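Below is one structure, written out as structure tokens; the observations come after it.
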Amino acid sequence: MNCRKVNYLHALPDDLLDLIISFADIPSIGAICQTCRPNHGTLSYIASREKVWLGIANLRFNLFSTKSHDKLHHKYLSNSRLYGGPTWKDAYRAMAVTCRMPKMGANFSSKKKYIFAKSRESTNIIEDGENDPSTTKPATNQLAHSVHCLAAWLMIHHTEDCRLRYFSNNSRQDLRSWSNDDDFLQQDINTGFVYIQLQLAIQNTKSACCTIHVNVGSAAIRMYTPMGSIMSRGIVQGGVLGPKVIHRRSHQLDRSETTSTTRNTTLDEKCQKIVSLKPFEFAVVRINVPLPQGMQHTDRLLFETDFLSRAMSISIPATCEITKPHNGIDLHSKRHMTHVYSTIMTANFISENEIWERYMELPGNCLVLIDRRDG
């Protein structure tokens, strides 16, 4: 009897192979790429193809607006070097390591959208406990500290003259219900207060089996006070200045047609302090931070640069739920293991030298934001 090794992958059409790969998350695809040499017809070759990693990069970073996979591959398959690598796999790795922010679409993009704080490449995640003792088991500490699934970027909703905003309490509302920040409550806020409006962009960087619940309402900024001490400043949690989702993008994978579509929407909805993100989902939340004012006129914060020069970092608590099949194989199994982790994501503000690369001081004690199109 003549027994020969037969590679049945050659008999499968490309569309079916793409469908099989689409069920795997990025670590699994990376593992498949390392199973053997990427010779034609092997699993490693199938998972290493440019069209696979171009699609993954576009899902996470929203590089191209086209919804058709055929147009995507035809127009951009050879453009990987523009994004940091000779191949799209290398380009994806380069963008992930540098924590690149996804493009936000024509309805939200602007040449003046500078990023003033960005999260680090990794975030320490600590095991929080089991979701259901009957169906879950605790993960090891090694797994808990190796899970990095949340990225964040901070921008400013600029005013025309780059001055800080002022909320005038003409209607004499009870502003003490807007925040639980002790420093904010100790101020004389009956008439109003100075604040800065920020745009917090957050993304779930996992490709599958992970949902993140970001507690935006508990975000806090560490900054220097006018007197030189360090304080933690919470955001306004209620009223008209409470947090709101102003942009959200998610992708939906139609496995029957092996095509993916990206939905960009501009929203104005209250997020109830918690924003839940599914795999690769991206959202922008508007938050407002009340600022302290010194007793002396020289200590008062007037411009955005006054805040940026004193801001050190922003911390945002989050909960990560990782769900896996109970038997590790059957994706449609009704029994799943769910590990729950808690984390505090930290993004550090840029240095003062970098701040002044984005602003220009004009005569008459005025500031203007530099438009990158002028460079």
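The values are calculated or read from the model by the stated rules, or taken from the named source; none is laboratory data. In this text the structure is predicted, and so the values were computed from the model without any measurement. Positions of Cβ are generated from backbone atoms using ideal geometry, with glycine treated the same way; all protein chains shown enter the neighbour counts. Each accessible area value is taken on the protein alone, full model and side chains, heavy atoms only, with ligands, DNA and RNA left out. Shrake-Rupley method; radii C 1.70, N 1.55, O 1.52, S 1.80 Å.
Collect residues whose amide H, placed 1.01 Å from N in the peptide plane, falls under 5 Å from the amide H of Met345; neighbours closer than 5 in sequence don't count.
Ile316, Ala318
Kindly flag which residue pairs out of Lys51/Lys113; Lys51/Lys324; Lys273/Lys324; Lys244/Lys324; Lys103/Lys206 have an alpha-carbon separation exceeding 25 Å in this structure. Write out the running numbers ahead of the final one.
On the way: Lys51/Lys113 30 Å; Lys51/Lys324 27 Å; Lys273/Lys324 27 Å; Lys244/Lys324 32 Å; Lys103/Lys206 17 Å.
Check vs 25 Å cut-off fails for Lys51/Lys113; Lys51/Lys324; Lys273/Lys324; Lys244/Lys324.
For a quick protection proxy, order the peptides 350-360, 149-159 by their average other-Cβ count within 10 Å, most packed first.
The packing order, highest mean first, is 149-159, 350-360.
What figure, in Å² to the nearest 10, do you get for the accessible area of Lys75 with a 1.4 Å probe and non-protein molecules left out?
110 Å²
Using r as the Cβ-Cβ distance of Ser28 and Leu82, and R0 as 30 Å, what FRET efficiency do you calculate, to the nearest 0.05?
0.65
Could you give the nm distance between label points at Asn353 and Ser65, where each point is 7 Å from its Cα heading toward the beta carbon?
Using points 7 Å along Cα→Cβ, the separation is 3.7 nm.
Report the full-extension gain for the segment Leu19 to Arg37: residue separation times 0.36 nm, less the Cα-Cα distance, to one decimal in nm.
Extra length available between Leu19 and Arg37 comes to 4.3 nm.
Which order do Thr98, Thr323 take by accessible area at a 1.4 Å probe, largest first?
Solvent-accessible surface, decreasing: Thr98, Thr323.
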